[in-house]
Amino acid sequence: EAGVTQSPTHLIKTRGQQATLRCSPISGHTSVYWYQQALGLGLQFLLWYDEGEERNRGNFPPRFSGRQFPNYSSELNVNALELEDSALYLCASSGSRDRARANYGYTFGSGTRLTVV
Amino acid sequence: DQQVKQNSPSLSVQEGRISILNCDYTNSMFDYFLWYKKYPAEGPTFLISISSIKDKNEDGRFTVFLNKSAKHLSLHIVPSQPGDSAVYFCAAIPTGTASKLTFGTGTRLQVTL
């Protein structure tokens, strides 16, 4: 079974540009979560998509946005990049909302390392 | 507002000894807790979990203890091995339907020879 895949693995952008990060969940998983891990910080929740809808949003500015496609893959967009957006962006997937516990939480991808220069 | 806290950013333990990683939470609605392990350049991987109806869960060398009254959980690794060197995150889910995991800031464990 393929795990959660994220692309690209590394991304370098200049300040003010836009970045698009992609995530493919485990087959059968309908929920996708995005987290940011900045240097020295824990995993900060960004966005949660389930069944194509945004279910919850973390404390991030509106220039962080995303969507979930009918095949449950997801995209995270970061507009007007700032230097402090440099971080590891992790995507995770889980089964339906009611089964996340039985699935032992999330399965994470390896992340996209975004560097803003 | 950090609802899940790991106050020790790092921990160094000798191989063969016990590693104890601690986690505190403030939200009484959390009723399911998980520990994840993360190596550099990889995503976190699930390690062990515990429901709030239990106070202990064991899986091989890993044991998680939950003290609900103190809103505290700990992960014990016995015996510690060099391959255990990683960053450990505790995470929590609130009561009810599944929701987003809230993670702590992580503790970097180094197991020395």
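Read-outs: derived from the displayed coordinates by stated rules, not from any lab. Source: prediction; values computed, not measured. Cβ atoms come from the backbone with ideal geometry, glycine included; neighbour counts cover every protein chain shown.
Numbers at a glance
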{"quantity": "Local electrostatic count at A:Q6 - Lys and Arg +1, Asp and Glu -1, tallied over other residues with Cβ under 15 Å", "calculated": "+1"}
{"quantity": "Gain in span if fully extended, B:I18 to B:I53, counting 0.36 nm per residue against the direct Cα distance", "calculated": "10.1 nm"}
{"quantity": "Charge sum, other residues only, whose C-beta stays under 15 Å from B:Y39's C-beta, Lys/Arg counted +1 and Asp/Glu -1", "calculated": "+2"}
{"quantity": "For region A:1-56: relative contact order, % (alpha-carbon pairs under 8 angstrom, 6 or more apart)", "calculated": "25 percent"}
{"quantity": "Antiparallel DSSP beta bridges within chain A, percent to nearest 5", "calculated": "90 percent"}
{"quantity": "Taking chain A and dividing mean pair separation by its residue count, relative contact order in percent (alpha carbons under 8 Å, at least six apart)", "calculated": "36 percent"}
{"quantity": "Distance-filtered residues of region A:75-89 - backbone nitrogen under 19 Å, label point 7 angstrom along A:E54 Cα→Cβ", "calculated": "A:75-82, A:85, A:89"}
{"quantity": "Separation in nanometres of the label points that stand 7 Å from Cα toward Cβ, at A:N71 and B:E42", "calculated": "2.7 nm"}
{"quantity": "Shielding by partners - mean other protein chain Cβ count within 10 Å, residues of A:42-51", "calculated": "4"}
{"quantity": "Ascending count of other beta-carbon atoms within 10 Å, so fewest first, for B:Y32, A:Y106", "calculated": "B:Y32, A:Y106"}
{"quantity": "Residue (of B:L21, B:P94, B:N67) at the positive-pole extreme of region B:21-101, dipole from beta-carbon charges", "calculated": "B:P94"}
{"quantity": "Spatially close lysines, pair count over the protein assembly as shown: Cα under 20 Å, gap of eight or more or interchain", "calculated": "14"}
{"quantity": "Charge sum, other residues only, whose C-beta stays under 15 Å from A:Q17's C-beta, Lys/Arg counted +1 and Asp/Glu -1", "calculated": "0"}
{"quantity": "Debye intensity ratio in log₁₀ form over the Cα atoms of chain B, taken at each q of 0.11, 0.18 Å⁻¹", "calculated": "-0.32, -0.85"}
{"quantity": "Dipole magnitude (debye, nearest 20) for the protein assembly as shown, charges at Cβ of Lys, Arg, Asp, Glu", "calculated": "180 debye"}
{"quantity": "Label-point gap, in nm, between B:V78 and B:L113 - each point 7 angstrom along Cα→Cβ", "calculated": "2.6 nm"}
